[in-house]
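Take a look at the structure set out below.
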Amino acid sequence: MSSHLSSSTRRLATAGTATCRALATAAENSTGKKSSGRRWIVWGTGGAVAGTAAFVSYVSYGSYKRKIETHDKIRSIDEKAVPPRRESIQRLQSGEEFDVLVVGGGCTGAGIAMEAQLRGLKVACVEQEDFGSGTSSKSTKLLWAGSRYLVLGITKLFHPASLLHPFGAIEQFMGTWKMVMHCFEERTYMLETNPHLTNWVPVAVPMDRWFLWPAPFNYWPAALGPATGMFIFFFKFYDALSNWSAPGSYVMSARRAREEFPQMDADRMKYVVVFYEGAHNDARTNLAIAMTAAQHGACVANYAKVDGIVFDDKGMAVGAKILDMASEGSKPFEVKAKKIIYAGGPFTDGLRQLSEGEKTKPVVNGSGGTHIVLPPYYCPRHLGMVDMSTSRGSFLFFLPWEGYTLVGTTDVKTKPDLHHEVPEDEIQYLVNECEKYLSPSLRVRRKDVMSAWYGIRPLAADPNATGQSDASRDHLISYNKDTDITFVSGGKWTTWREMAEDTVDHILRKNKDLKAKATPTVSLKTPLVGTGKTEFFPEGWNEALAIKLSQHYDVAYDIAQHLVRNYGTRAAEVLEYAPAESVKGSRSGLYKHYPRLYEGAAATTGYPYLEAEVLYAMDKEYAVSPVDILARRTRLAFLNSTAARLALPRVVELMGEKLGWDDARRRAEYEKADRLLNMDFAGPVANKSNAYLRAACAADVKEVFDRIDAKKQGALSREGIESASQELGFPVHGEALDKAMKDMDHHKTGKITFPEFLAWWNSSDESEAFRTKFQHDRTQGRYTPERD
């Protein structure tokens with residue numbers, strides 16, 4: 001059995017055995033009455049150590065055994081075909097009545113469709129744009145088990161204020177505890193059952209001081225965390241809560257941190273704690289959920305907009321009017337359903353207005369989060385980092401994702417909007433925060449931002465609540481008895497399946513006929529598309545798929561890895577879509593050259609996306625628009641917004657050839673896609689037109705300063721400072737410039753050095769006013785990144 005255990009568990013078991021032997025020897029050598037007491041203590045301590053080691057070994061073996069069973073099961077399933085989109089549209093138009101109509105195709109809506117279909121119900125699921133085009137594709141790409149929830153729960157439980165209401169504090173903590181344990185279960189499901197879509201990512205927590213102040217989480221004992229080893233113990237406890245299903249946390253010395261994470265400013269680190277979380281490609285996971293629902297018989301369609309709700313004579317919802325947005329000249333058609341579920345995320349209030357009227361009181365607010373992508377050299381390929389105490393008091397992740405560096409997220413209150421410009425202030429904030437733990441020799445510049453996006457997370461209140469909400473859930477399910485419509489909102493990526501199960505359980509309690517028809521849930525043991533046996537991979541999913549694919553098709557290994565990570569055992573089907581005449585021999589002769597979607601970057605940045613994926617996505621993955629391809633079937637727009645715009649003409653050309661678009665349609669598709677890409681994604685060039693935050697990273701200010709100081713004098717005149725402020729996006733003129741010169745020119749020379757200019761620029765009244773306003777509005781819960 002021990003051969004199957006993790007190395008850390010074997011070490012613990014060995015240490016336990018050795019401790020017992022040592023203690024037994026000490027006990028045997030003890031004599032006298034005092035020694036008799038010592039013997040009991042010794043034997044008791046030894047028994048505790050041995051018992052702990054045995055328990056850990058038992059649990060670890062159970063976790064290993066479960067992994068093997070799961071692995072064998074997913075390999076034994078036959079990979080069934082997914083009906084194409086046109087069949088789903090035809091089925092919606094056929095007049096068939098469904099048991100459940102889900103409105104919304106994000107991870108929650110697609111998950112509900114999958115859950116209900118697996119339980120024997122007849123399901124339809126419609127999405128007004130593309131699967132995951134809203135919140136679900138714009139996450140931090142983590143499947144985390146709730147470490148932050150757990151920390152906050154513990155700190156609240158042991159806070160002095162809890163002494164005033166101890167029972168309430170305990171009840172609240174137990175709710176948090178249950179929620180975190182659910183998260184562990186869901187994370188385990190995703191990582192073990194869907195290995196083609198997920199992976200473990202180690203996350204470093206740098207400790208640069210022995211004493212932290214202000215205290216993390218506003219809990220003063222946490223200030224002693226680095227010195228007492230509190231954080232090390234916490235992450236070991238975190239490992240144990242998962243039944244050691246994840247790789248174990250560990251501690252790195254400053255010297256080892258310098259080797260493992262050379263970009264980190266390791267010289268000022270005391271030590272670094274490393275723990276593991278799950279990671280995934282969120283848009284591809286969302287698509288896999290929707291395709292799995294369709295694979296099992298659900299009628300799933302994107303670009304199918306609900307135009308209205310159909311009611312019976314009692315005012316109960318019995319269907320919806322649907323418009324096929326992908327077909328020119330389409331007219332609304334009715335779809336009948338016994339139950340309707342809104343799963344619109346932050347856009348749920350817009351759906352509620354269809355059934356409750358335009359004056360319906362909003363109950364879903366939005367929390368906006370910005371992410372940026374930096375070049376690969378800012379982060380190791382195998383190790384991420386988290387700052388648990390940013391200048392705003394929130395978490396900031398610094399992660400390897402798809403070969404690049406993902407940084408995020410921010411958290412500001414905003415109004416839900418499907419297409420939202422990325423706030424420049426938030427981009428600049430993230431760039432500035434990056435410098436906190438990076439080596440002084442590695443300066444992050446604003447122009448290093450290859451892409452940036454803005455997602456909105458729903459924060460909902462229940463308008464139909466009749467009692468206390470369930471504290472063990474971070475999502476909300478609300479039932480309107482006047483319309484018989486249920487909506488679900490909130491939650492996070494990790495718990496998409498749990499949210500779906502809870503929602504289906506809820507509607508079954510409200511409908512006896514559906515409850516009698518439904519079977520128990522099986523989704524926790526159901527893998528998503530891409531793990532089962534196919535003609536090319538008859539053995540099903542295994543770790544050697546990329547090697548076999550590369551050898552058989554003579555395709556570059558980076559492409560093979562990319563295809564397997566995103567398509568699983570369907571990867572070979574994608575390569576079959578490459579026209580034979582387009583596949584050429586490479587100059588090295590080692591492999592064949594399959595046309596890439598963005599050839600201009602292939603030699604330097606290695607984007608592995610193929611033109612064959614465009615054709616496959618249209619046939620097999622419901623891709624309708626060029627943005628579907630660039631943003632969600634591939635992730636090019638999320639990795640490099642400039643490259644996505646450069647690849648757009650070729651994507652339009654490929655889609656036009658396959659779908660028979662004329663020149664006018666191609667122009668229209670190009671213009672629409674270009675507009676959406678410009679709105680949804682920012683790039684290296686800053687847009688300061690709606691910015692408050694003047695502060696900039698030192699590298700950007702230095703670059704502008706040196707460019708204006710062409711004669712290398714090391715200082716700028718009044719005119720030079722005016723030009724610098726113009727280039728940095730916040731022009732200063734006239735009296736304001738005179739005042740600025742007075743503030744900066746400490747030596748009264750009329751010349752401003754770079755340190756003087758940088759200090760003034762980043763401590764300006766405008767930036768300070770922004771920081772003050774942000775903190776005040778955040779406290780009041782009404783901050784929005786838009787101008788008043």
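The values are calculated or read from the model by the stated rules, or taken from the named source; none is laboratory data. Keep in mind the model is a prediction, meaning the values are calculated, not measured. A quick note on method: Cβ atoms are made from the backbone with ideal geometry, for glycine too, and the neighbour counts reach across all protein chains shown. Accessible surface is based on the protein model in full, side chains and every heavy atom, while ligands, DNA and RNA are left aside. Shrake-Rupley method; radii C 1.70, N 1.55, O 1.52, S 1.80 Å.
List of remarks:
- Cα-based equivalent ellipsoid, segment 293-442: semi-axes from gyration tensor eigenvalues, Å: 43, 19, 14
- FRET E, pair TRP760, ASN678, Förster distance 51 Å, beta-carbon r, rounded to 0.05: 0.95
- Compactness index (Cα Rg / 2.2 N^0.38 Å), segment 412-564: 1.58
- Accessible heavy-atom area order of ASP674, ASP680, highest first, probe of 1.4 Å: ASP674, ASP680
- Legend: P(r) of segment 302-371 from all alpha carbon pair distances, 5 Å bins from 0, whole percents, reading 3, 14, 21, 22, 18, 12, 7, 2, 1, 0.
- Rounded to whole Å, the principal axis extents of the Cα atoms in the chain read 86, 83, 67, largest first.
- Expected 222 nm ellipticity per residue - DSSP helices of 4 or more, -39500 (n - 2.57), all of the chain, to 500: -13500 deg cm²/dmol
- Taking 30 Å as the limit for the C-alpha separation, the pairs LYS331/LYS620; LYS447/LYS751; LYS122/LYS548; LYS141/LYS584 exceed it in the case of LYS122/LYS548; LYS141/LYS584.
- Net dipole in debye of segment 479-630 [+1 Lys, Arg Cβ; -1 Asp, Glu Cβ; about Cα centre; nearest 20]: 440
- Here THR228 and ARG148 are evaluated by their C-beta separation; at R0 = 25 Å the FRET efficiency comes out at 0.80.
- P(r) weight above 17 Å for segment 514-630, C-alpha pairs, percent: 61
- Compactness of segment 215-265 is given as radius of gyration and Dmax, 13.4, 33 Å, from Cα positions.
- When the Cα positions of LEU563, GLY540, LEU514 are compared along the charge dipole of segment 494-620, LEU514 comes out farthest toward the positive end, with charges on each C-beta of Lys, Arg, Asp and Glu.
- Distance histogram for segment 562-647 (every C-alpha pair counted, 5 angstrom bins, percent rounded to whole numbers): 3, 14, 24, 26, 20, 10, 2, 0
- For segment 192-344, the equivalent ellipsoid built from the Cα gyration tensor has semi-axes of 52, 19, 16 Å, listed from largest to smallest.
- Principal axis box of segment 567-703, alpha-carbon based, largest edge first, Å: 53, 40, 28
- Of ILE232, ILE170, the order by accessible heavy-atom surface (1.4 Å probe, DNA, RNA and ligands excluded), from most exposed downward, is ILE170, ILE232.
- Ranked by the mean number of other Cβ atoms within 10 Å of their residues, highest first, the peptides 101-107, 391-397 fall in the order 101-107, 391-397.
- Highest-first arrangement of 420-429, 131-140, where packing means the average Cβ count within 10 Å: 131-140, 420-429
- For the pair ASP482 and LEU459, a Förster radius of 22 Å applied to the C-beta separation gives a FRET efficiency near 0.35, rounded to the nearest 0.05.
- Using θ = phi - 60° in the Karplus curve 6.51 cos²θ - 1.76 cosθ + 1.60, the 3J(HN,Hα) couplings for segment 228-244 round to 8, x, 4, 6, 4, 4, 4, 6, 5, 4, 4, 4, 5, 4, 8, 6, 6 Hz; x is entered for Gly and Pro.
- The Cβ shell under 14 Å around ARG256 holds other residues with a net charge of 0, Lys and Arg each +1, Asp and Glu each -1.
- Cross-link reach list, aspartates and glutamates versus LYS512, counting only Cα pairs under 15 Å and skipping chain neighbours closer than eight places: ASP99, ASP484
- Heavy-atom accessible surface of segment 450-599: percent carbon and sulfur, 1.4 Å: 50
- As computed over segment 364-461, the Cα convex hull volume per residue (Å³): 110
- Accessible area per residue for the chain is 45 Å², calculated with a 1.4 Å probe on protein heavy atoms, without ligands, DNA or RNA.
- Segment GLU719-GLU535, length gained on full extension (0.36 nm per residue, minus Cα span): 59.2 nm
- Debye-sum result for segment 95-246 in log10 I(q)/I(0), which assumes one identical scatterer on each alpha carbon, at q = 0.15, 0.17, 0.18 Å⁻¹: -0.99, -1.12, -1.17
- With K and R counted +1 and D and E -1, the other residues having a Cβ less than 11 Å from that of VAL386 yield a net charge of -1.
- Carbon plus sulfur fraction of accessible area for segment 183-276, probe 1.4 Å, in percent: 59
- Nitroxide proxy distance, nm - points 7 Å out along Cα→Cβ at ALA215 and ASP78: 6.2
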